[in-house]
Structures are given as C-alpha cells and as structure tokens.
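Every read-out reported here was derived from the displayed coordinates using simple, explicitly stated rules and does not represent laboratory data. These figures come from a predicted structure and were not determined experimentally. As a convention, Cβ positions derive from the backbone with ideal geometry for all residues, glycine included, and neighbour counts pool all protein chains shown.
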Amino acid sequence: MFNDIGPMELVTLVVLAVLIFGPDKLPKLIQDVSNVIRKVRSFSESAKQDIRAELGPEFKDFEFEDLNPKTFVRKQLMDNDDLGLKEIRNSFDLRKDMEEVADAVHGRESATATTAANGSVNGAGGTPDLLKKREKLDPGERPPFDADAT
C-alpha cells in the first residue's frame, strides 16, 4: 500500500501529524485508526467466508485475487501449459530474424538465403530467393508490379 513512500516523506507525515493533532491526542488517534483497520479487515474476511459458503463446494479453490485480470491471465495462460505456449514462445527466434533482415538490407546472403538458392536454380523449382535481387529483366518481361504499393 505504501511502497512508494520514502523515509523523508514518512518523517514529514509524522511531523505533520504531531503538529496537527498534538502529542497528547496522537497516541489515541493511532489506536483508533488501527482499530478501524482491524474492523475493516475482519469485515472483509467474514464477507469472503460468506461468499465462499454461498458458492458451495465446487468453488472451494476460488480466490478473490483471481478476479484481478492480470492475475487471472497469468494463472490461466502462463502457469498452465496445456496449450503448449512455452513451446510457441521458445520458437520465436528474433535474433535470427533480425540477422536475416540486416543481411537483406546490406545485400549479403544469409544462411537461409544460401540454402534456398542452392535448392533452386534461378528461382525455378522449390522456393524462390526473395532476398536476392535480380540484375536484369529477361527480354520481354515486364517489371514487377505491386498492387498494394500503388
């Protein structure tokens, strides 16, 4: 609750409390505030117990913290690997993809482009080498047209 309050801020709050309420009334005020906090906590716990009792035995594992969307998603997706999400997460190799893009930008042949070029002759058969730029067009061939770019 008070994770972001530093020591200087805490000292300032204590000094302000002493100045506002005075040293005589401050212990009674602290005792009253702590009693109110205790009552609110006990009310909250009794309400949780009542809700669990009303939900029945099929919801005995129900936790109110699961109502927070972040906690719910983390519990359902991250901890539970029924969908194979860890395998999918590990299959993304961004470093390899970035190297391929850098090689294409600088005009170098990457390892995947080399294997693709070895498997196909001038783009015929297999997969075409999309990273390699052709020097000239064949006679009578029209330049490539990209409908999405125009």
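Couplings for segment 30-47, taken from phi via the Karplus curve 6.51 cos²θ - 1.76 cosθ + 1.60 with θ = phi - 60°, read 4, 5, 5, 5, 5, 5, 5, 4, 4, 5, 5, 5, 5, 4, 5, 5, 5, 5 Hz in order; Gly and Pro are left as x. Over segment 1-72, the pair-distance histogram of Cα-Cα distances with 10 Å bins from zero comes to 15, 26, 26, 20, 12, 1 percent, rounded to whole numbers.
Backbone phi angles across segment 96-103, fed through the Karplus curve with coefficients 6.51, -1.76 and 1.60 (θ = phi - 60°), yield HN-Hα couplings of 5, 5, 5, 5, 5, 5, 5, 5 Hz in residue order; Gly and Pro are listed as x. Residue by residue, segment 14-24 carries 3J(HN,Hα) couplings of 5, 5, 5, 4, 5, 5, 6, 9, x, x, 6 Hz when phi is fed to the Karplus relation 6.51 cos²θ - 1.76 cosθ + 1.60 (θ = phi - 60°); x denotes Gly or Pro.
Placing pseudo-labels 7 Å out from each Cα toward the beta carbon at Arg108 and Lys75 gives an inter-label distance of 4.9 nm. Approximating the spin labels as points 7 Å out from Cα along Cα→Cβ, the Leu10-to-Met98 distance works out to 4.1 nm.
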